[in-house]
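Notes to accompany the following structure.
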Amino acid sequence: MNRYKLMASVQNSKDCVLTHPYENNRVSIQSCTNLPQKAIEPTQRYPFTPNQNLTEKERFLAAITNKLSIIPAPNTFEYILLRTYGSAFVNQMPAIKLPPKVLFTNDQETKQFQLTLTMGKVNNASHCDLQKSAADALNQARAQVQIPLKSGYGASDCTRSFATNLRFWKKYANNNTLEQVRQGKETKILGIVAPPGASQHLWGLAIDLRVSNEAQKQALNQNGWYRTVEYDVLHWTYVGLPPEKLTEFGFQNKIVGGINYWVTPL
């Protein structure tokens, strides 16, 4: 499959400050709070659109092939993770940075990636940072309608450390569960908690929110935020596409328990 070169955007470091958004001040991340907002032309915002003659799966893979150094082979653990959490790899926003693989193996690897991110603060939230484009889009949605965070504590609801991801996994699952997931025998747990190193929260592109009405959902969708992890009602992913673009990139609309999810076609 052909690879597609996407446009990059570099923030001016003088407009940024170093912050310590994660527990015990163990990670310093460049955070930009007052950068000027510039209109993004459609050709800049969506530099690539898959060939609509392809299948949904082919369109999705075409969109992410330049984002991942290696596309996981079907039926592998990494492929299962890509199917569940891979929606963010479709993001076309020039300033968004995606991890080079779907699974970080340890805390050090996670920190190394997080240190390369340009972060922005989520307004009216405690210690809640996301990648700047994601934070800006969320702030815009929350300016339209009140949307509270799940717990209100950023280290849990927003960008997480590897240690927090691991702590949540141990709360809901164990090594036996992980082995079942690796073998493809258990997948529903992935809608409750992500395996260590696999959470979208590690990428600065996910947040847990309490969304209870259509106005909140529409405001989030209009600003590129969607429920993308089946069964995880509180979890929202920054895809960065308007609703009318999702099917073009292969996303499938799925309703589970009356909740609308946009899931990968893998």
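List the aspartates and glutamates whose alpha-carbon lies under 17 Å from that of Lys121, not counting same-chain residues fewer than 8 positions away?
Within the straight-line limit of under 17 Å, Lys121 reaches these aspartates and glutamates: Asp15, Glu23, Asp129, Asp136, Asp157, Asp208.
What is the set of long-range amide H partners of Thr118 at a cut-off below 5 Å, with H atoms built 1.01 Å from backbone N?
It is Lys132, by chain and number.
Under 8 Å for C-alpha pairs, at least 6 residues apart: give me the relative contact order for region 172-266, rounded to a whole percent.
Relative contact order of region 172-266: 21 percent.
Sequence neighbours fewer than 8 away in the same chain don't count; with that in mind, list the aspartates and glutamates whose C-alpha is under 16 Å from Lys185.
Glu78
Read-outs: derived from the displayed coordinates by stated rules, not from any lab. A quick note: this is a predicted structure, and the numbers were derived from the prediction, not measured.
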